[in-house]
Amino acid sequence: MLRKSAPSSRTGHCLIGVCLSWIIRNFSRVRQQLLFLPLSLKRRLLVELVDEGILADVHLKYLIDGRMSSLNFDCNDGITDEGLFYISKTCPRLESLSLRRCPRVTHKGLSSVFSNCPLVKHLDVAESDGVLDHKATKSIQLHCRSLNTLVLDRCLSLQEKDFMKVIGSMGGFLRELSLNGCVSCNDRWLSQVAQRCGQLESIHLEDLSSVTVTGISEVARKCRSLQSLNLASTFLSAQDLRMIIFSSHDLRKLDLSFVHGVDNSVITQIANNCPSLQHLRILGVQGWSGMALRHILQNCASTLHTLLLDNCKDISNDALISMKAIANGGLSLLDQISNQITTIAETNNAGNAGGGAGGEEQRAFPENHPKFVRRFHSAESTACALRNVSLCGQRYLQDDGLEAFFSLCPNIKSINLSGMPLITDQAIRNMSERLQGVTEVDISLCQELTGKSLEYIGERFGSTLTVLRLYGNRNMESEALAQLAAHCRKLEYISMYGCSQMEDEGVISLVKRNPNLQMIDLSVCNITDNSLFVIAENCRYLQTLRVNTCRKITTAGVSAVAQGCPHLNYLNCNNINATDALLGKISRHCQFLRTLSLASNENISDAGFLLCARGLPRLKKLIMSCSSDVSGSAIKIARRDRPTLQLLFV
């Protein structure tokens, strides 16, 4: 007799999810039995309730366990001070508490937690106004001196005196501080941080209009352990940024997105002052060129692993081409002159240290004399450690420029080339020849690319590729997708929105060979129900499906997916002539669905609408057509029965 194989871990995980969903719907009937659940299942159930946004004080009595050290209640209106009172009595070992966007929590509940849980190290009260006032800060001063992570993002009512007390009481232990969007934050706050938080490693100052270079430079100078600095959307000039970077000691992570003071001098300063930089994010900034990027890639070659440069449109193609000299071990005339000056400076400095021949003194360089640093090294040191790169929106880059870039960065595993209208199949061929082991590729909105690019990607990266985005590439044929499918076995995410030449042949081949697909976007593709039938048979664990405006599909195909893929949490069926019968099947089989989009479907009535609004317990957003037959009374019923459900009529 054949032995039955044990269920896979994924199957077990999904069965547990179904059970937890049933418990949530019948909580009042089974709450006493929940006291005897294992700790792991209590944690899972808490996570499910938080994700649904329905966690309330009444649940805590049956789910909170004294052994829990981390609690996350983000975005739940049902949590009040009463719940925190219970937690403070039950969890003396609590170390991490997140109350982000919990509007009904006040200083009373937080003070109770600090009074009874002195081991708290992580506190997140972002967007929870009124929580951290003078009474809560007094409790922190008395009981909680081990706090090392404090998140105060967009706490608009936070007062300066309360902030000063918190920093003054436990600043010596603080390692991470986030003040994003705190409109009251100014240089006095940062001066207090610089004086009290000598061991600070990370600070986030995004979207602050009142801070200046004075306060930020003081933090960078006095917090010698600072490794992560977020200055996105701040109003700093190039001179300010150079001073801040010069004051910092050894940054590992830097975010200057939408800081319009960034120019070539700032990027060069980063390259010279941050040799251990690992993560650089500069989105939406124009005014610096590829020549400055060249310094970053060379000086931080051994450590930089993430580079995000979306919509930095001043990076020229010629600047990247000039990098070929580095990749080949050669130096330009300007580089040779720079190195000769470096050699002269080193010789003179050595003479000053040891004295000239025959006792004759050599003329000393003044201390403020510019020190020339050798920018470029031998060919052996040119391989860059970059693993994640985004060049989205670089409209002027071409094939030869990208070839030079890939020559310098052969270790890339995730690459975003979307929105680059000048690159052709040759660029993808160069990428496939230079790189290996790539897991994520985004070539969306590259109008000149054809099916040959898919062949290159499949042949080179098929064994490792998990994410592929082809959004808006109308020149890619279904035959090329079938050839890609012949090499790919690990795809989990595929987006083909707007690839109008994609037909059943390619989609079916891809789906059959990649049963682990979790996200599929076939919007505006030329497919029929046959593709959806194959998806229903092969992709049982599919979580996201978009079939927006697929003219040839019918409700039969979508019904098959609803029955065959019960773990869907996002379904977009815009403009497919959906009916009440289809919505009935969706409500019966897709119990994990959180977002359902039915825009441009005019044949839906009150019956189908209420089936979804009432029958999908996890649904958070329902998008309907304004021209549908749903009445005002049905909408009132849905809002009465599901007050947290977001209804949108478009």
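Laid out as a table, the results:
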{"quantity": "Cα-only radius of gyration and Dmax that characterise the range 55-102, units Å", "calculated": "9.8, 25"}
{"quantity": "Cα gyration tensor shape of the chain, rounded if a/c is under 1.5, else prolate or oblate by comparing a/b with b/c", "calculated": "oblate"}
{"quantity": "Three-way shape label, the range 20-78, alpha-carbon gyration tensor, a/c 1.5", "calculated": "oblate"}
{"quantity": "The range 163-220 versus the range 273-308: alpha-carbon centroid distance in Å", "calculated": "25"}
{"quantity": "Top positive-direction residue, dipole computed over the chain with Cβ charges, set 510, 589, 499", "calculated": "589"}
{"quantity": "Euclidean distance between Cα centres, the range 611-646 to the range 438-507, Å", "calculated": "37"}
{"quantity": "The chain - percent relative contact order, Cα under 8 Å, separation 6 or more", "calculated": "5"}
{"quantity": "Burial order of peptide ranges 505-514, 149-158 (average beta-carbon count within 10 Å, highest first)", "calculated": "505-514, 149-158"}
{"quantity": "Computed magnitude of the charge dipole of the chain (debye, nearest 20; Cβ of K, R +1, Cβ of D, E -1)", "calculated": "2600"}
{"quantity": "Charge sum, other residues only, whose C-beta stays under 13 Å from residue 551's C-beta, Lys/Arg counted +1 and Asp/Glu -1", "calculated": "-1"}
{"quantity": "Estimated [θ] at 222 nm from DSSP helical runs (n ≥ 4, -39500 (n - 2.57)) normalised by residues in the chain, nearest 500", "calculated": "-12000 deg cm²/dmol"}
{"quantity": "Length gained when the stretch residue 69-residue 302 is fully extended (0.36 nm per residue, less Cα-Cα span)", "calculated": "80.1 nm"}
{"quantity": "Charge context of residue 207, other residues only, Cβ under 14 angstrom, K/R +1, D/E -1", "calculated": "-3"}
{"quantity": "Neighbourhood charge, 11 Å Cβ-Cβ cut-off, centred on residue 177 and excluding it, Lys, Arg +1 and Asp, Glu -1", "calculated": "-1"}
{"quantity": "Burial order of peptide ranges 521-531, 173-183 (average beta-carbon count within 10 Å, highest first)", "calculated": "521-531, 173-183"}
{"quantity": "Sparse-neighbourhood loop sites, trypsin sites (Lys or Arg not before Pro) in the range 394-467 - DSSP loop, at most 11 other Cβ within 10 angstrom", "calculated": "395"}
{"quantity": "Per-residue ³J(HN,Hα) for the range 47-60, Karplus 6.51 cos²θ - 1.76 cosθ + 1.60, θ = phi - 60°, Hz, x for Gly and Pro", "calculated": "4, 4, 5, 5, 4, 6, x, 10, 5, 9, 4, 5, 6, 5"}
{"quantity": "Pairs from 165/222; 135/620; 89/138; 413/620 whose Cα-Cα separation, in the structure shown, is over 24 Å", "calculated": "135/620; 413/620"}
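No lab work stands behind these numbers, since they all come straight from the coordinates. Everything numeric in this text was worked out from a predicted model, so none of it was measured. Virtual Cβ from ideal backbone geometry, glycine too; neighbours counted across all protein chains shown.
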